[in-house]
Amino acid sequence: MKHPFALDNRLGADVRIAMILLFAALTVVGITPFAVMRALNGQWLAVALEVVMMLGIAACAGHAWRTRESAVAGSIIVVMVCTFYAALIVVLGPSVTPWVFVVVMANFMLAPRLLATGCSTVLIATALGMTSFAQPAAMATFAVASVLVMLFAFIFASLTEVQRTLLESLVIRDPLTGIGNRRSMEIELADALKGHLARGEPATVAVLDLDHFKQVNDRYGHDAGDRAIKGFADRVQACIRKRDRVFRLGGEEFVLLLPGTDHSGARVALEKVRDAVQAEPLVDQLRITTSIGAAMLEPDDDWPRWLARADSALYQAKDAGRDRVSFDGGLARPGERRLRLVAGRSQRSPEDD
Ligand SMILES: Nc1nc2c(ncn2[C@@H]2O[C@H](COP(=O)(O)OP(=O)(O)OP(=O)(O)O)[C@@H](O)[C@H]2O)c(=O)[nH]1
């Protein structure tokens, strides 16, 4: 199964792929004239190193573009470029040493900070050890300048990472409960559906709705209602397996994804959740029950249909008296359930509660 917050990976991967493509393009534009010049001077070893490096970068960029797998491609480029530049410094001497600054900056944009720091340190050490500087002061200047560039790049990469994490959490997390929001549910449900259908594994999705929640707000205030919603999310998370996922769909409605779980397994898991919710007050002395509708994945499902079947079952649970688990596929045929879903939404009134 994919990472719980698949969108995190997508955001990160897209930025890194953009950096890899930019780096590949700039490398070709920046290095080709030097390679031509060296070819004219007969420096064939250096030309060979530069051409092989450009081809390697282009291959990694192409792989990243095709597969959207940016992390490995970025790391390979960093190791490769540092190795080739260390070799070029040995072959060509001080004339290529200034490129170290560019490579160090690029390292932190393409690879994780630890790898970038390691490779940059090795490159700087090689440049210091293999370059014959005119004076000790020139060597000291190069050493200090390159370490400062590495430090700035490290700090910049760290700040970018912090901002990316913040952005991710704004995009995919529900701010009240801290669990995944509707957007992350859509991504994970689509991924789970594809994976489970391909492997022929069962999976169940459930829609959970707090009962008579309007009365909670009306009697105890919106703040108590908010705390109850948060308490509910915590309670559900505490009694599900690690690979199960819970999302807040909106309001007092939640979605629970149970991968690798068939009808009987889901029945046990969902009864456990239902029981845990009503067993203790969610907030202050407030005891709330929950109704749950569930649907097992069927071969011709897409994720909205799968979810709609669970939602339809939720209305059966509500109609049957609440505080219960209902499975899709009971009384009505699919067409009828869909009609119930639409009608149920618009016709329910507070008096029903
Ligand atoms: N405190 C709080 N209340 C919310 C939030 N989102 C939705 N609600 C309230 O949840 C209530 C949902 O009410 P209804 O959809 O009528 O359902 P219900 O009262 O739970 O009744 P049943 O679902 O039929 O058992 C409404 O009063 C909403 O204002 C929220 O984020 N915080």
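The values are calculated or read from the model by the stated rules, or taken from the named source; none is laboratory data. Quick caveat: nothing in here was measured; it's all calculated off a predicted structure. Heads up, the Cβs are rebuilt from the backbone with ideal geometry, glycines too, and the neighbour counts pull from every protein chain shown. Heavy atoms of the whole protein, side chains included, go into the accessibility calculation; ligands, DNA and RNA do not. Shrake-Rupley method; radii C 1.70, N 1.55, O 1.52, S 1.80 Å.
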Can you work out the accessible area per residue across the range 182-352, with the rest of the protein chains kept in place, probe 1.4 Å, in square angstrom?
48
Roughly speaking, to the nearest percent, how much of the chain's 1.4 Å accessible area is carbon and sulfur?
64
Considering the dipole of the chain built from charges on the beta carbon (Lys and Arg +1, Asp and Glu -1) around the Cα centre, which of Ala233, Met130, Leu110 is farthest to its positive end?
Met130
Arrange the residues Glu168, Glu280, Glu252 by how much accessible surface each exposes, largest first, with a 1.4 angstrom probe.
Glu280, Glu252, Glu168
Stokes-Einstein D for the range 6-172, Kirkwood Rh over Cα pairs, 37 °C, 0.692 mPa s (µm²/s):
196
Among all the lysines, which ones have a C-alpha under 18 Å from Lys230's C-alpha, if same-chain residues fewer than 8 places away are not counted?
Lys214
When all protein chains stay in place, what accessible area (Å², nearest 10, 1.4 Å probe) is found for Trp303?
60
Going by Cα centres, the range 170-244 and the range 117-141 are how many Å apart?
55
About the Cα centre of the chain, how large is the charge dipole given +1 on each Lys and Arg Cβ and -1 on each Asp and Glu Cβ? Please answer in debye to the nearest 20.
520
Given a 1.4 angstrom probe, what's the average accessible area per residue across the range 6-172, in square angstrom?
52
So, taking all protein chains as they sit and a 1.4 Å probe, how much accessible area belongs to Thr141, in Å² rounded to tens?
90
Selection from Ala58, Gly180, Tyr315, by position along the positive dipole direction of the chain (Cβ):
Ala58
In debye to the nearest 20, how big a dipole does the range 6-172 give about its Cα centre with +1 on each Lys and Arg Cβ and -1 on each Asp and Glu Cβ?
120
Could you pull the accessible area for Val104 with a 1.4 Å probe, rounded to 10 Å²?
0
The range 252-315 - Debye-derived log10 I(q)/I(0), Cα point model, q = 0.17, 0.25, 0.27, 0.29 Å⁻¹
-0.65, -1.14, -1.24, -1.34
Ellipsoid semi-axes in whole angstrom, largest first, where each is sqrt(5λ) of the Cα gyration tensor of the chain:
59, 22, 14
More than 13 Å apart: what percent of Cα pairs in the range 213-262 qualify?
61
Beyond 18 Å, what percent of the Cα pairs of the range 178-238 remain?
53
From DSSP H assignment alone, runs of 4+ in the chain each adding -39500 (n - 2.57), the sum over residues rounded to the nearest 500 puts [θ] at 222 nm at -23500 deg cm²/dmol
Using C-alpha positions alone, give me the convex hull volume of the range 182-352 per residue in cubic angstrom.
109
